[in-house]
Amino acid sequence: MNRAWGLLISGAVLEIFWVMGLKHAYDFWTWTGTVIAIIISFSLLIVSTQKLPVGTAYAVFTGLGTTGTVLLEMFVFGEPFQFMKIVLIAVLLTGVIGLKMVTSNKTEDTAQVGGTS
């Protein structure tokens with residue numbers, strides 16, 4: 001996996017934690033951790049968009065973050081299991097995986113265009 005995708009996925013994982021922090025933070029330290037996770041998460045997203053298309057990167061970032069948040073809520077925090085949620089998450093992940101498969105890095109696109117002239 002190349003660096004840009006790794007940074008993007010790391011940012012999405014951190015997104016899960018800061019979203020949980022927004023709901024469950026209760027004192028100075030938990031709010032501080034939440035704010036730090038937000039800053040690092042979005043920084044990783046921004047850095048990854050230097051190599052990946054912004055629309056694709058943001059869709060993958062939010063899709064993975066949403067999926068992780070819903071699953072964490074169900075398995076860790078006791079949110080009721082709903083079959084339709086799982087089906088919709090599967091559809092969302094299918095779209096995210098599809099975007100990753102059809103997206104190439106900007107530098108690769110530039111090299112291909114430059115090589116054909």
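The values are calculated or read from the model by the stated rules, or taken from the named source; none is laboratory data. Every value quoted in this text rests on a predicted model; they were computed, and no experiment measured them. All Cβ positions, glycine included, derive from the backbone under ideal geometry; neighbour counts span all protein chains shown.
Hey, can you tell me all the residues within segment 1-59 that are touching a helix residue (DSSP H, G or I) at 6+ places or on another chain (Cβ under 6 Å) and in contact (Cβ under 8 Å) with a residue 60 or more places away in the chain?
Hit for segment 1-59 is Ala4, nothing else.
Could you figure out which of (1) surrounded by fewer than 19 Cβ atoms within 10 Å (Cβ to Cβ); (2) modelled with pLDDT of 95 or more; (3) within 13 Å of the chain's Cα centre (by Cα) isn't true of Ser41?
The failed condition is (1).
Determine the pairs where a residue that is free of Cβ contacts under 8 Å to residues at least 40 places away in the same chain, located within segment 67-87, has a partner that is loosely packed, with under 10 Cβ neighbours inside 10 Å and in a loop (DSSP other than H, G, I, E, B) with Cβ atoms under 8 Å apart, the partner being 6 or more residues away or on another chain.
Met74/Pro80; Met74/Phe81
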